[in-house]
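Step one of this worksheet: look at the structure below.
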Amino acid sequence: MSDVGTTMSVSTRANKSSFNFRWVRRIPLYIAAIVFCLITAFPIYWMIVSVVQPASLSLQYPPSLIPQVVDLSVFQDIFFVQDAAQRIDIWIGNSVLLASLTTVICLVLTVFGAYALSGKRWRGQGAFGLMLLMTQMLPEALIVIPLYATIDRLHLKDSFITLAMVDTAFVLPICIWILKNVFDTIPNEIRDAALVDGCTRIGMLFRIMLPISAPGLVAVGVVAFFHAWNEYLFAASLMSDRKLYTAPVGLGSMISMIDTPIDKLLAGGLVFSIFPIIFYLIVQRYVVSGLSAGAVKG
């Protein structure tokens with residue numbers, strides 16, 4: 001019995017030492033992760049510090065990493081402006097409208113596009129899917145001039161509907177592939193059972209496939225929303241009226257060669273960042289499940 005107890009004691013000590021050794025080996029990894037997180041979060045922290053203290057303190061050298069004076073009057077300067085074309089709340093409202101329109105249009109087109117790729121096989125299906133991916137190889141700057149000339153000739157400038165359709169055209173291919181992978185995870189037995197029960201293919205799409213694919217729809221909506229929310233090039237080109245500026249364009253218009261109000265620019269950027277963060281936190285679990293739904297089929 002003593003030999004067995006001694007053996008168990010030695011084995012326990014060996015397991016503990018092995019566990020401690022593995023923990024020690026992970027210390028450099030933990031340190032690297034902490035440093036990486038600090039480097040990533042520092043710009044956000046510096047933005048907050050620069051907003052809550054006067055610009056003169058933020059621009060001094062060496063700068064103070066801890067706020068010396070707390071002054072929130074800059075938020076009053078960007079929200080309560082005499083000229084409505086320079087108010088951050090107007091720009092954010094325009095961004096919300098544009099992102100919402102883009103999300104709705106993209107969801108409608110994505111559902112039918114993904115269903116066409118995931119449903120019944122047809123000639124040219126693979127080529128169609130490949131062409132969708134090839135459209136992502138074209139940078140926006142390459143077609144902004146011909147696109148602007150076409151929209152200007154059709155007198156469709158300064159329209160959120162036009163801008164939403166342009167944004168949808170660029171984000172639609174990736175959204176179709178995301179939802180197509182989600183549709184592929186639905187077993188064929190469920191589709192066949194719906195058809196046997198007398199359901200049409202369109203009825204099967206809306207009654208069977210879309211309810212099952214709800215997380216994928218949320219993921220597609222989030223991708224489309226953030227694309228339109230952050231888009232700058234087309235919004236700056238197709239919107240000439242300052243009252244119709246989206247937040248990225250409005251914040252960009254504050255930068256000039258003569259004077260750039262750093263405190264107002266950073267305060268506007270902070271307000272602009274709050275809305276997508278809150279939106280993403282609300283739908284985060286649906287986005288993760290939607291994006292990973294096509295990872296494993298069956």
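The values are calculated or read from the model by the stated rules, or taken from the named source; none is laboratory data. None of the values given here were measured: they were computed from a predicted structure. Virtual Cβ from ideal backbone geometry, glycine too; neighbours counted across all protein chains shown.
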Elements of type helices (runs of 4 or more DSSP H) in region 189-242, at least 3 residues being out of contact with any Phe, Trp or Tyr (no Cβ under 9 Å at 6 or more places or on another chain) and modelled with pLDDT of 85 or more: 214-230
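Go through 107, 138 for me and flag whichever is modelled with pLDDT under 90 and over 22 Å from residue 242 (Cβ atoms).
Values: 107 fails: modelled with pLDDT under 90.
Selected residue: 138, the only one of 107, 138 that is modelled with pLDDT under 90 and over 22 Å from residue 242 (Cβ atoms).
Hey, does region 121-139 have a residue that's under 27 Å from residue 265 (Cβ atoms), surrounded by fewer than 14 Cβ atoms within 10 Å (Cβ to Cβ) and not basic (Lys, Arg)?
Scanning region 121-139, I find at least one residue that is under 27 Å from residue 265 (Cβ atoms), surrounded by fewer than 14 Cβ atoms within 10 Å (Cβ to Cβ) and not basic (Lys, Arg), so the answer is yes.
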Check on residue 183, part of a helix (DSSP H, G or I), within 24 Å of the chain's Cα centre (by Cα), farther than 22 Å from residue 97 by Cα and modelled with pLDDT of 80 or more: yes
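Could you run through region 243-290 and say how many residues are assigned to a loop (DSSP other than H, G, I, E, B), without any contact (Cβ under 8 Å) to a residue 12 or more places away in the chain and closer than 15 Å to residue 229 by Cβ? Full working, then the answer.
Within region 243-290, the first condition is being assigned to a loop (DSSP other than H, G, I, E, B), and the residues that meet it are 245-246, 254-261.
Going one step further and asking which of them are without any contact (Cβ under 8 Å) to a residue 12 or more places away in the chain, we end up with 255-260.
Now drop any that are not closer than 15 Å to residue 229 by Cβ, which leaves none.
Here the count works out to 0.
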Residues of region 202-232 that turn out to be in contact (Cβ under 8 Å) with a residue 12 or more places away in the chain and over 17 Å from the mean Cα position of the chain (by Cα), as a count: 9
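Counting only residues that are of a type in the set (Phe, Trp, Tyr) and modelled with pLDDT of 80 or more, give me the helices (runs of 4 or more DSSP H) lying completely in region 1-83 with at least 3 of them. Lay out the reasoning, then the answer.
Details: elements: 2-25, 27-52, 55-59, 73-79.
Per the criteria, 27-52.
Please work out if residue 275 is under 20 Å from the mean Cα position of the chain (by Cα), within 13 Å of residue 93 (Cα to Cα) and modelled with pLDDT under 85. Before you say what the answer is, go through the steps one by one.
Details: under 20 Å from the mean Cα position of the chain (by Cα): yes; within 13 Å of residue 93 (Cα to Cα): yes; modelled with pLDDT under 85: yes.
Here the answer is yes, as residue 275 does meet what is asked.
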Residues that are assigned to a loop (DSSP other than H, G, I, E, B) and either surrounded by 13 or more Cβ atoms within 10 Å (Cβ to Cβ) or in contact (Cβ under 8 Å) with a residue 60 or more places away in the chain (or both), drawn from region 144-165: 156, 157, 158, 159
